[in-house]
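Trainee: Before I ask anything, here is the structure I am working with.
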Amino acid sequence: MKDKLIIFDTTLRDGEQSPGASMTRDEKVRIAKALERLKVDVIEAGFPAASPGDFESVQAVASVIKDSTVCGLARALDKDIDRAGEALKLAKSSRIHTFIATSPIHMQMKLQMTPEQVIEHAVRAVKRARQYTDDVEFSPEDAGRSEEDFLCRVLEAVIDAGATTLNIPDTVGYSIPQQFGATIANLRARIPNSDKAIFSVHCHNDLGLAVANSLAAVMNGARQVECTINGLGERAGNASLEEVVMAIRTRHDIFSCETRLDTREILTCSKLVSSITGFPVQPNKAIVGANAFAHEAGIHQDGILKSRETYEIMRAEDVGWTANRMVLGKHSGRNAFKSRMTELGFDFSSEEDLNKTFARFKILADKKHEIFDEDLQALISEISFHGEEENIKLVALKVCSEMGETPFSTVTLRVGNEEITGSAYGSGAVDASLKAIESIVKADAILALYSVNNITNGTDAQGDVTVRLDKAGRIVNGLGADTDIVIASAKAYINAVNKLNSADQRCHPQKADV
């Protein structure tokens with residue numbers, strides 16, 4: 001029997017720390033449910049002490065996830081641990097992940113603590129976390145630049161205090177595989193009680209080595225890998241879940257462990273995270289990129305036709321690439337629509353929700369002959385459920401764009417119960433339309449990102465637009481999809497403004513003062 005490799009997903013926590021990758025509570029719940037279907041072992045839902053919004057997000061995820069452990073992050077501070085314990089109270093299976101820095105530069109410059117004080121805080125934190133759950137993870141922050149002798153002392157002490165998982169983070173992406181693997185092996189060999197805890201790794205991709213470092217650690221005894229969907233994360237990102245998992249699965253001849261993941265759900269998770277965060281997946285991205293299983297060279301195509309194994313080391317079907325081909329159209333019935341949405345992981349909480357979404361589907365089907373799963377995912381991203389009605393809605397849009405003339409747009413919005421019309425000139429049809437909207441809503445926010453991607457192929461494909469607004473540290477992503485790019489852009493901008501005006505007054509994690 002092979003060992004089990006625990007997959008710890010931190011898309012909702014570390015992934016959200018990517019500049020601009022802000023998620024609402026409901027978006028976090030949607031991603032968490034997708035991760036649960038993927039059979040991720042541990043879902044790190046957030047940092048409850050960071051803000052009331054983060055607390056509510058962790059609490060919401062904890063209340064709905066049943067088949068994965070839900071984890072909350074906490075500094076080695078009583079208030080952080082208590083906050084995490086409270087947020088996780090409803091979880092069927094919970095974990096508290098506490099951390100403190102252990103590298104000389106962090107202890108001296110950031111914490112201003114002696115090594116003995118750091119050990120004292122680490123032990124106290126683990127003991128306090130054990131009051132809330134038996135599943136406690138400890139991380140020595142910046143372990144990659146910490147002195148090995150001191151790491152051994154800290155880790156031995158926290159195991160004695162009750163830590164069940166020891167996570168060794170390469171916080172700044174400084175390690176290289178051979179050295180990082182040796183570090184894991186040395187720690188396991190030198191710490192007297194190392195057999196009483198699972199060793200984990202959390203690698204960043206600053207040198208492009210996050211996955212390589214993670215795999216090197218696994219080969220040296222680590223049995224948990226912390227990673228994110230699409231490699232999302234601050235700076236250059238984290239280890240990519242899909243790459244780690246498929247490397248372990250594909251090279252089972254080398255790795256003496258295996259995961260429990262249903263890899264057929266990988267692509268769906270990837271597309272969902274990309275849609276919500278507004279971070280497109282590059283075409284040549286391993287596993288989930290559009291070109292990952294495409295063969296252009298004649299010699300490759302010839303080999304594939306004769307035997308798939310000549311140029312493919314894994315099947316596209318195994319990561320979900322063929323599961324997205326079911327086609328719906330304007331003649332598709334309500335039951336077929338509901339069934340496909342359920343297969344994609346979208347559960348309707350009421351008949352009203354189903355009817356509202358089905359009506360939007362019919363409108364789209366009149367514009368577009370074939371509706372693919374990607375279209376359905378975009379459709380669901382536009383609709384607010386759980387009683388959260390949008391206060392601002394697009395009623396009408398007219399734009400005049402002619403070569404040699406300045407584009408002009410007139411937009412009518414329903415704000416509450418009132419219809420308001422605004423007009424503006426712009427450098428293009430989109431610019432004019434967004435300026436016309438701004439003349440009405442007066443969001444007064446910085447447009448930090450405007451991104452357009454095609455959802456499917458063909459000239460009738462929907463355009464998927466992401467608008468990122470930054471207002472006094474609050475960063476929100478607005479999403480809009482339509483066969484008309486100008487309308488999609490207007491929808492995205494309005495969606496972002498509605499989020500700015502929502503009750504979720506949460507600063508982006510990178511700007512939160514904790």
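Trainee: So what's the back-of-envelope 222 nm ellipticity for the chain, counting only DSSP H runs of four-plus at -39500 (n - 2.57) apiece and dividing by all residues, rounded to 500?
Mentor: Only helices count here, giving -11500 deg cm²/dmol.
Trainee: Let me ask you something else. So for 493, 450, 132, 425, fewest C-beta neighbours within 10 Å to most, what's the order?
Mentor: 425, 450, 132, 493
Trainee: May I ask you to sort 423, 68 by Cβ crowding, counting other Cβ atoms within 10 Å and putting the fewest first?
Mentor: 423, 68
Trainee: Using only Cα positions of region 3-277, each an equal point scatterer, no hydration layer, compute I(q)/I(0) via Debye at q = 0.11, 0.17 Å⁻¹ and quote the log10 values to two decimals.
Mentor: Those come out to -0.55, -1.43, one per q.
Trainee: Now a separate question. May I ask for the Kirkwood hydrodynamic radius of the chain, worked out over all distinct Cα pairs and given in angstroms to one decimal?
Mentor: 24.3 Å
Trainee: Could I ask something else about it? By its C-alpha gyration tensor, with a ≥ b ≥ c as the square roots of the eigenvalues, how is region 43-136 shaped: rounded for a/c under 1.5, else prolate for a/b larger than b/c, else oblate?
Mentor: Since a/c reaches 1.5 and a/b is larger than b/c, the shape of region 43-136 is classed as prolate.
Trainee: Test of understanding: ordering 226, 438 by Cβ neighbours within 10 Å, fewest first, what list do you get?
Mentor: Starting with the residue having the fewest Cβ neighbours, the order is 438, 226.
Trainee: While we're on this one: Of 425, 458, 400, which is farthest along the charge dipole of region 392-500 in the positive direction, counting Lys and Arg as +1 and Asp and Glu as -1 at C-beta?
Mentor: Checked the options; the winner is 425.
Trainee: Any idea what the alpha-carbon Rg over 2.2 N^0.38 Å comes to for region 392-500?
Mentor: In units of the globular-protein estimate, region 392-500 measures up at 1.03.
Trainee: Which value, in debye to the nearest 20, describes the size of the charge dipole of the chain about its Cα centre when Lys and Arg Cβ atoms bear +1, Asp and Glu Cβ atoms bear -1, and nothing else is charged?
Mentor: With Lys and Arg at +1 and Asp and Glu at -1, about 540 debye.
Trainee: Roughly how tilted is helix 52-64, in degrees to the nearest 10 and between 0 and 90, from the longest Cα axis of the chain?
Mentor: Tilt of helix 52-64: around 90 degrees.
Trainee: What pairs from 285/442; 398/442; 127/196 go past 27 Å between their alpha carbons?
Mentor: Beyond 27 Å: 285/442.
Only the coordinates and a few stated rules stand behind these numbers; no lab work does. All of these numbers come straight from a predicted model, not from anything done at the bench. Here Cβ is always computed from backbone atoms with ideal geometry, including for glycine, and neighbour counts include all displayed protein chains.
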